[in-house]
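Working notes for the structure below.
The values are calculated or read from the model by the stated rules, or taken from the named source; none is laboratory data. Keep in mind that this is a model prediction, so the values were computed, not measured. Here Cβ is always computed from backbone atoms with ideal geometry, including for glycine, and neighbour counts include all displayed protein chains. Ligands, DNA and RNA are excluded from the accessible area calculation, which covers all protein heavy atoms including side chains. Shrake-Rupley method; radii C 1.70, N 1.55, O 1.52, S 1.80 Å.
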Amino acid sequence: MALGLGTAAILLVVLLWELARPTVKRALARGRLIWVQSRRPSGPAGYDPGRERRAEQRARVLLRSCIDERDWAMYRDLGFLRVWGTQRERGRGPGGHASYAYLIYPHKPLVAYVPQTGALLNEYCVAFPDNTRPYGSSRLPDSDDVLAKWMALAADERRLIADANMHLPGRQVDPARVRRDLTRLARWERERAAGDEHGSDRADGASERTADPRGADCADTLHA
Amino acid sequence: MKLLRMKPGHGEIVLAEGDVDVPEQERELIEAFRRELDAGMWAAVPTGSPGARREAELVKSFAEVPREAERVIFFPRAAGGALETDR
């Protein structure tokens, strides 16, 4: 009798264990995960919108301090920068225009185009990944990415282009978007030129124009 | 002179700051400069003043940094490709 009861008790325990085992395993795994996470350094991890916004604000201040006032205004108003090709001295088209230029978008390829016609030439995919991933991401703030591209282009266009992956237009940046942006840029430059003229009229021609006259000329011819 | 480094999730940080005419401070600047280059960073010196055309130059050693430069900005070296999904 006792033997029978004992056997039944053992069978019952084994049966209960088999039923409970998946739940126990899940609970243990969850506990282990919580323990591992609690052991990690309490430093910043993951995406924090507030931190990213503050980083972007810092990056904008830095960008502004490094580029021309006119370029800063362009970036602030339009969200991208236009940089003339540095081979322009050799490659000037009729009328002394730069033969090509780039649009710099944050975290997008450089888009090369012909200012006189608006024709898109190539996309140059280039990134500046920080593999130390201090906050879990290798991605610089938007304005830092723009500044890095601007500095690299201004300093050594050939090297940057050599490091980039070249693609035909439309691979990552929608050509329709680029054309819209070129139209916006042309309008922006016209308005700015008009503002400059009014300003110089008021100042009796004494004020210094910081605008690059090529820009307005080129933009005027873009979509003529 | 200030050595700045672009940093994801933060913006720029000041790595070192000092007067290049003070030997001890210059030495610290040089050490910080080398550390960044050894870590694979590019170094750029923004040039030009307000009102003048702004430019930048890439430098590969501290000796190439103009003595009058106010800032050297380090940023990760360029790599082909874009990081569309990396956030």
Exercise. Any idea how many residues of region A:104-160 are in a strand (DSSP E or B) and within 11 Å of chain B (Cβ to nearest Cβ)?
Worked result: 6
Exercise. Considering only region B:1-28, how many residues are in contact with a Lys or Arg (Cβ under 9 Å, 6 or more places away or on another chain), within 28 Å of residue A:68 (Cα to Cα) and either open to solvent by less than 40 Å² (accessible area, probe 1.4 Å) or in a loop (DSSP other than H, G, I, E, B) (or both)?
Worked result: 10
Problem set entry | Subset of region B:7-60 [more than 23 Å from residue A:60 (Cα to Cα) and among the aromatic types (Phe, Trp, Tyr)] | B:33
Problem set entry | Pairs with Cβ under 8 Å, 6+ apart, first in region A:71-87 and at negative phi and aliphatic (A, V, I, L, M), second modelled with pLDDT of 95 or more and open to solvent by 20 Å² or more (accessible area, probe 1.4 Å) | A:74/A:188; A:78/A:184; A:78/A:188
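In the list B:64, B:36, which residue meets the criterion of being more than 11 Å from the chain's Cα centre (by Cα), within 13 Å of chain A (Cβ to nearest Cβ) and at pLDDT 95 or above? Talk me through it step by step, then tell me what you get.
On the way: B:36 fails: more than 11 Å from the chain's Cα centre (by Cα).
The match here is B:64.
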Exercise. Out of the residues in region A:54-95 that are acidic (Asp, Glu) and at pLDDT 90 or above, which is most open to solvent (accessible area, probe 1.4 Å)?
Worked result: A:69
Exercise. How many of the residues making up region A:166-220 are modelled with pLDDT under 80, surrounded by 16 or more Cβ atoms within 10 Å (Cβ to Cβ) and outside any loop (DSSP other than H, G, I, E, B)?
Worked result: 7
For this session: Collect the residues in region A:134-152 that are surrounded by fewer than 21 Cβ atoms within 10 Å (Cβ to Cβ) and modelled with pLDDT of 95 or more, keeping them in residue-number order.
Result: A:142
